[in-house]
Structures are given as structure tokens and as C-alpha cells.
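The values are calculated or read from the model by the stated rules, or taken from the named source; none is laboratory data. Here the structure is a predicted model, which is why all the values come from computation and not from measurement. Quick reminder, even Gly has a Cβ in these numbers, built from the backbone with ideal geometry, and neighbours come from all protein chains shown.
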Amino acid sequence: MDGFEDDVRAGLPPKQPSDAAKDAKAHRSWISRVGTWGSDLVNAVGDGLNYLAGYDELEVTEGGEEAHAGEHTEVDAVDDRKAMWGQLKDMLGSDIMSMFSLPTFLMEPVSTLQKMAEIMQYQRLLEEANEEEDADVRLAKVTAFAVAVYSTMERAKKPFNPILGETFELKMNDGSTYLAEQVSHHPPIGAGHVKTKSFTYDITSAVTTKFMGNWVDVFPVGRTRITLHKTGETFNIVPPSSRVNNLIIGRIWIDTFGEMKVINLTSGAVAELDFKACGIMSFARYVCSGVIKRPDGTTALNVFGHWNRDLSYTRAGEDEDEDEKVQLWQVDEWPVPANKYGFPTYTIKMNEMASAPDYGLLASDSRLRPDRVALDEGDSSATSLKTQLEEKQRAERRTRKEKGEVWTPRWFKKAEHADLHELEKDVGTDVWEFNDDYDSKKPEGVPTKFSPWQYPELN
């Protein structure tokens, strides 16, 4: 291959991603899949590189027998990957996350703000934790909530990058409203908040990447806070990292690996889970295991399972067998037949107006994006509509500069005192907090036009 393979193989990743895992420790904090998105953000990189190479039909898969029915398969094209390498070889070590604008046929009809909200599919785990009297099990249930979102993160296509000021509102089980807003465009940062009868959830979500030749490492950054109302305990989540493997040579696949920590910031108890790196012949694929430690450092529970389908625990000293284990979480049934984008039922419903608050919807809501709606309906105008939105966003940026004005989020503010745990000292981004204005300015009715704009009069 005229030295092509040799160039890339010189930078092939190690069998065990220990170096990336060590590097990530300084960065890691929670993302709502991410999500964070998490792995979908990883997929976004892969899709962007595919498009850059001119290989418009390339799709990726998680792989393995346990992949969900809605996933895609990869078509291998050596020449196109060779061309990709020619354009990317000078970007080694760079963060490439924001370098690409993709056509909509490489995308799925949800925004990154919606991806952030997918963690609420398993909000019942926090409701259960709020009522749990056993402190050890309570932490285990919050941990299961943190793990469960990864079951949605095997999809191959990229969500829409939110327009600055775009929002997403989601009706919760008790009628409360989850609200997210895009608070920064460069770098892309989303903030989210909800206060239910059982818990309060706050997140600042961003991501950084590192292109390493035949793979890309993805590090979630930001901060999460979960407060259970019955006990008053507050928790944070420090997630694992992800890697897109075989971008240039081989079959593209995604792995999530490293340590996840869920810390009870009130008591000092901690959950420590190891997401196993995939080995030869897919050994340990999806496996995660760890312990629940009490404030004094003693092990209370052993936690184990698979991040894409289940999590259980046993008491310390008990065997991990069917008689002793207690299930914390099991993935919800997937729709049959599978959604064309591989969406779980929860995500399908998030795109529907029935999932919006009963009182109405902000005009900036992701559901109203014309490009997202067009893609969801199979309309070929989706790409041109996306381009129009991006052009208007650039026009707004120029207008702000000309006027000497700044853009300010409507629903969130920069935290003056971020209250960071020692593992969050380098969160990689500003921390944003809910400003409490939403309740007094709730929308009424459903707008007919998407409008997140600071200057709506601009064409």
C-alpha cells in the first residue's frame, strides 16, 4: 500500500489503553452521553472523518453478537481511508471534535441536547435511590443510573450540533421539566437541569478528543451533581473514556474503558467501577465491575454486569451467583422492529410533542429545528435547511461583533464558585448553573417556527 499501512501502524494503539486511561484521569467528569453523549460523540468523530475522506456511505458498528438490531454495518474502502490518512496525518495529537460540518445523511434526527437528556430514560433508578434506606444500596442505585445511559450509546450516526441558545424541554414522570440549553458554541457546551419530587440533577457537558492516527480518544469533561431530596445527599459522576478504533486500517469499532467513580460528596462513600477494555476475540466486551466502599474505605458491595444491558450486586464476602446477586438495573426492551436509527423507545418518544411539557414549548426547542424534522420525515431538504441554520448562526456572530454585544444564555449562568471535587479540579470547561428564571417565564403553547436567535430580524 505504498507505505500507507506502515505509516499508520507506527501509531497503532496498545492492546491495553493504559496510557489513555491515565491521561483521562485529569480530564474526566460527567457528560450525559455523555452523554455526553458519550459514545455518540465518539461516533461523531468517526463520521466526520469518513466524510472528509469523501467516503459518504461509510457507516460504523459496535460489532459483536450482542449489538442491537438497529445498528449499522461498515463498508471497508482502502482507497478512501488512504485518502483520509493523507488529509489527517498532520493532525496527530489534535482535538478534531469541532473541525467538521456533516451532511445530514450521516446524522440522526436528534440534537446533542436530546442526547444529554437520554440519561433520564432510567430516572426511576434515582427515584428508587431516594426511597432506599440502606446507604450502600442507595449509592449502588445512583451508580446504576450512571451506567445505564451507556446502553443507548452504540449508535453509529451523529446527533445535530445545537445552535447557540437552542434548548430542549422534557416532561418527567412527576410532571416536572428537564431543561437543557446550548450555552457555548466554541467550544460546544450544553447545560441541563431538572428538579423532581425525588431528586435534583445538574450537568455541564462537553468533550475533548485526541487524534492518534488509527484511533481517536474521547474524554468527557464538565461537572454533574445529583441530590436526593429525602436524605439531602449529593453525588458526582466521573465517567470512563472512549476510543474509536481502526479509523484508517481495519474494521471501525468503539470501546469504552477505564474507571468510573460515583462519589457521595456528603458522606464520602464511593463507587469504583472498571469498564474493561475489549480484548482479543472481543473478550470482556461490555463488561464492568467494581465495589461500593463505605466512608471508612471498607467494601460494602460488589457490583458487576455489562454496561449495555445489566448491573447487579452482592454483599461483600458473598459469591457472585444467581442465589446471592440482586439486580440493580436491566436495559429496557428495544423496539421491534428496530428503529432505522437504532433508537430505543424512549428516544423515539423524545422527538414527539407528547414528551414536551403540557403547558407548552420554547421556540428554541430542538424538536422544532426544521433540519431535524426534515431528516426525521425523510425529506431531502434536510441538508440545505441545516446549512441555512448554520449560516444564520454565523450572521448572528458577525452582528454581535459589529454591535459590540455579547450573547448570554437565558436559563443558565456561569458558576461563581463551582464547588469542585478533587477529581474535578481540571473539568476542562466553565461550569454552568440553572438561574431559576424558567418557572416564572414558562412558555405557553407550541410555536410553529424554530427561533433560538438573538437577532430574529436577520434573514
Keeping to the range 285-308, report how many residues are surrounded by 15 or more Cβ atoms within 10 Å (Cβ to Cβ) and either touching a Leu at 6+ places or on another chain (Cβ under 8 Å) or part of a loop (DSSP other than H, G, I, E, B) (or both). 13
Residues in the range 354-372: is at least one under 20 Å from residue 128 (Cβ atoms) and touching a residue at least 12 places away in the same chain (Cβ under 8 Å)? no
The correct count of residues that are under 21 Å from the mean Cα position of the chain (by Cα) and either among the β-branched types (Val, Ile, Thr) or within 30 Å of residue 302 (Cα to Cα) (or both) in the range 327-372 is 11
Look at residue 183 and say whether it is within 23 Å of residue 155 (Cα to Cα), more than 15 Å from the chain's Cα centre (by Cα) and touching a residue at least 60 places away in the same chain (Cβ under 8 Å). no
Hey, among the residues in the range 324-381 that are on the phi > 0 side of the Ramachandran plot and at pLDDT below 95, which one's surrounded by the most Cβ atoms within 10 Å (Cβ to Cβ)? 342
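Please work out if residue 160 is under 19 Å from residue 371 (Cα atoms), touching a Phe, Trp or Tyr at 6+ places or on another chain (Cβ under 9 Å), crowded, with 20+ Cβ neighbours inside 10 Å and aromatic (Phe, Trp, Tyr). Working first, answer last.
Working: under 19 Å from residue 371 (Cα atoms): yes; touching a Phe, Trp or Tyr at 6+ places or on another chain (Cβ under 9 Å): no; crowded, with 20+ Cβ neighbours inside 10 Å: yes; aromatic (Phe, Trp, Tyr): yes.
No.
Could you tell me whether the range 193-213 includes any residue that is assigned to a loop (DSSP other than H, G, I, E, B), of a type in the set (Asp, Glu) and in contact with a strand residue (DSSP E or B) (Cβ under 7 Å, 6 or more places away or on another chain)?
Checked the range 193-213: no residue is assigned to a loop (DSSP other than H, G, I, E, B), of a type in the set (Asp, Glu) and in contact with a strand residue (DSSP E or B) (Cβ under 7 Å, 6 or more places away or on another chain).
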Among (1) at pLDDT below 95; (2) crowded, with 22+ Cβ neighbours inside 10 Å; (3) among the hydrophobic types (A, V, I, L, M, F, W, C), the one test that residue 212 misses: (2)
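Under the condition of being outside any loop (DSSP other than H, G, I, E, B) and in contact (Cβ under 8 Å) with a residue 40 or more places away in the chain, which residue from the range 436-459 is surrounded by the fewest Cβ atoms within 10 Å (Cβ to Cβ)? So that I can check it myself, show each step before the final result.
Taking the range 436-459 first, the residues outside any loop (DSSP other than H, G, I, E, B) are 438-441, 445.
Those still in the list that are in contact (Cβ under 8 Å) with a residue 40 or more places away in the chain too: 438, 445.
Details: 438: 19, 445: 8.
Only one residue tops the list, namely 445.
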Evaluate the range 401-416: report whether one residue or more is surrounded by 15 or more Cβ atoms within 10 Å (Cβ to Cβ) and part of a helix (DSSP H, G or I). no
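Right, residue 147: closer than 30 Å to residue 298 by Cβ, touching a Cys at 6+ places or on another chain (Cβ under 7 Å), modelled with pLDDT of 95 or more and not hydroxyl-bearing (Ser, Thr, Tyr) or not? Working first, answer last.
Values: closer than 30 Å to residue 298 by Cβ: yes; touching a Cys at 6+ places or on another chain (Cβ under 7 Å): yes; modelled with pLDDT of 95 or more: yes; not hydroxyl-bearing (Ser, Thr, Tyr): yes.
Considered against the rule, which asks whether it is closer than 30 Å to residue 298 by Cβ, touching a Cys at 6+ places or on another chain (Cβ under 7 Å), modelled with pLDDT of 95 or more and not hydroxyl-bearing (Ser, Thr, Tyr), residue 147 comes out as yes.
Would you mind stating whether residue 138 is of a type in the set (Lys, Arg) and modelled with pLDDT of 95 or more?
Details: of a type in the set (Lys, Arg): yes; modelled with pLDDT of 95 or more: yes.
Against the criterion (of a type in the set (Lys, Arg) and modelled with pLDDT of 95 or more), residue 138 qualifies.
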Given (1) in a helix (DSSP H, G or I); (2) closer than 30 Å to residue 348 by Cα; (3) of a type in the set (Asp, Glu), residue 433 misses just (1)
Failed item in (1) at pLDDT 95 or above; (2) surrounded by 14 or more Cβ atoms within 10 Å (Cβ to Cβ); (3) not basic (Lys, Arg), with residue 428 passing the rest: (1)
